[in-house]
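Peer 1: This is the structure I want to talk about, given as C-alpha cells.
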Amino acid sequence: MVSDKSNTYYLRWTRGERIQHWVLVVSFFMLVLTGFALKYPESWWTWVFSATGSFDLRGLLHRIAATVYTLLSLYHVGYLLFSTRGRAQFQALKLRKRDFLDLRNQMLYNLGKRPAPPKYDHYAYWEKLEYWALVWGTLIMVITGMLLWFENISLRLFPLWVLDVATVIHFYEAVLATAAIVVWHFYFVLFNPAVYPANMSMFYGYITAREMQEEHAAELERMKQHLDQDETEEVLLTGRLEV
Ligand code: HEM
C-alpha cells in the first residue's frame with residue numbers, strides 16, 4: 001500500500017471538468033427541489049416557494065435550471081467531440097468486455113470467493129455505469145421536459161396522450177434519478193468508508209497516491225510502464241503532480 005504522505009498526486013478532473021460537474025450539481029438539485037415542489041405543492045417543505053407568495057416561482061426556477069442543465073449537456077457533448085482530452089475521456093468511458101468481468105470478479109470478492117478485488121483502470125465499471133445512466137436519464141428528462149414546456153407546439157404535433165405519457169415518464173424518471181444520485185452516487189463519493197467524508201478530487205482535481213493505488217491500480221501499472229514514452233491516452237487523462 002502506498003502511504004497517503006507520498007507527495008505524488010494524480011489528476012482526475014481538470015478545472016474545466018470540475019466547473020462542468022459543479023454546474024451539474026447545482027442545476028440538478030434545483031431541478032429536483034423545484035420539480036417535486038411542483039408535483040407536491042401542499043408539502044410542508046415547499047414553504048420556501050410559498051413564502052414568496054408566488055406559486056409560479058417554482059415553475060420559473062424549474063425552467064431556468066432546466067435551461068442551464070440542457071446547455072451544460074450540449075456543451076459536454078461538444079467537449080467530448082471536439083477537445084483532445086474530451087475525446088480521451090470518451091474512449092476511457094466506453095463500456096468494454098473487461099468491465100463485465102470486473103463486475104463479476106468484484107461480486108465474487110464481496111462474497112469471499114476471490115482473494116482480491118479486481119484492479120481498475122481510469123474508470124471502474126460502476127463509474128462508467130453511473131456516467132451512462134446519467135446520459136440516458138438526461139436524454140429522457142430533456143425530451144419529456146421540452147414536450148411539457150412547449151405544450152402548444154407538442155399538442156400541434158402529437159395527440160394529447162403523448163403529453164400524458166411524457167408527464168408520467170418525466171415524474172418516474174425524476175424519482176429514479178434522484179434516488180440514484182442520493183443512494184448510489186452519494187455512497188461511492190461521500191459515504192463509502194474509503195473516501196468518507198468526501199472524495200476530495202471534486203474540489204481539487206487530484207487524488208492521492210494511496211487512492212490511485214487502491215482504486216486505479218491497473219492504470220497506475222500502465223502509467224509506470226509508459227513513463228518514458230510519448231504522452232499516452234492514460235497519461236493525458238491522469239497526469240502526475242509532484243509537490
Ligand atoms: C433532470 C432533473 C429533473 C428533475 C428531477 C425534474 C423533476 C420534475 C418533476 C418532479 C416535475 C413534476 C411532474 C408532475 O407534475 O408529474 C417536473 C415538471 C416539469 N419539468 Fe422537470 N425535472 C428535471 C429536468 C427537466 C428538464 C431538463 C426540463 C426541460 C428541458 C424539465 C421541464 C419540466 C416542465 C416544463 C415541467 C412542468 C412544469 C409545470 O407544471 O409548471 N424538467 N419536473
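Peer 1: For the list (1) farther than 26 Å from F36 by Cβ; (2) within 16 Å of the ligand (Cβ to nearest atom); (3) of a type in the set (F, W, Y), I need the number of the one condition that F150 fails.
Peer 2: Status for F150: all satisfied but (1).
Peer 1: Give me the pairs: first residue in region 169-194 and farther than 16 Å from V26 by Cα and in a helix (DSSP H, G or I), second residue of a type in the set (D, E, K, R) and within 13 Å of the ligand (Cβ to nearest atom), beta-carbon distance under 8 Å, and six or more apart or on different chains, which are they?
Peer 2: F171/K39
Peer 1: Something else about it: Looking at L95, L72, can you tell me which residue is in a helix (DSSP H, G or I) and either among the aliphatic types (A, V, I, L, M) or under 28 Å from G205 (Cβ atoms) (or both)?
Peer 2: Step by step, each of L95, L72 is checked, and only L72 is in a helix (DSSP H, G or I) and either among the aliphatic types (A, V, I, L, M) or under 28 Å from G205 (Cβ atoms) (or both).
Peer 1: Still on this model: So, in region 98-140, of the ones that are assigned to a loop (DSSP other than H, G, I, E, B) and of a type in the set (S, T, Y), which residue ends up farthest from T14 (Cα to Cα)? Don't jump to the end; show me each part of the working.
Peer 2: Of all residues in region 98-140, those assigned to a loop (DSSP other than H, G, I, E, B) come to 111-124.
When the remaining residues are screened for being of a type in the set (S, T, Y), the result is 120, 123.
Details: Y120: 21, Y123: 16 Å.
Per the criteria, the residue is Y120.
Peer 1: Given the residues L38, L60, which is the only one that is within 16 Å of the ligand (Cβ to nearest atom), more than 20 Å from T138 (Cβ to Cβ) and assigned to a helix (DSSP H, G or I)?
Peer 2: Values: L38 fails: more than 20 Å from T138 (Cβ to Cβ).
The conditions single out L60.
So that you can scan it fast, the table gives a plain yes or no per residue for (1) more than 16 Å from the ligand (Cβ to nearest atom); (2) within 30 Å of E215 (Cα to Cα):
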{"position": "D56", "(1), (2)": "no, no"}
{"position": "I64", "(1), (2)": "no, no"}
{"position": "T70", "(1), (2)": "no, no"}
{"position": "S73", "(1), (2)": "no, yes"}
{"position": "S83", "(1), (2)": "yes, yes"}
{"position": "R87", "(1), (2)": "yes, yes"}
{"position": "K94", "(1), (2)": "yes, yes"}
{"position": "D99", "(1), (2)": "yes, yes"}
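Peer 1: Within region 163-174, identify whether any single residue is within 16 Å of the ligand (Cβ to nearest atom), more than 20 Å from the chain's Cα centre (by Cα) and among the acidic types (D, E), and answer yes or no.
Peer 2: Yes: one or more hits.
Peer 1: Restricting the search to region 63-85, which residues are under 21 Å from I140 (Cα atoms) and over 20 Å from the mean Cα position of the chain (by Cα)?
Peer 2: Residues satisfying the conditions are R63, I64.
Just so you know, all these numbers are worked out from the coordinates, no wet-lab data involved. A quick note: this is a predicted structure, and the numbers were derived from the prediction, not measured. Please note: Cβ atoms are built from the backbone with ideal geometry, for glycine as well, and neighbour counts cover all protein chains shown.
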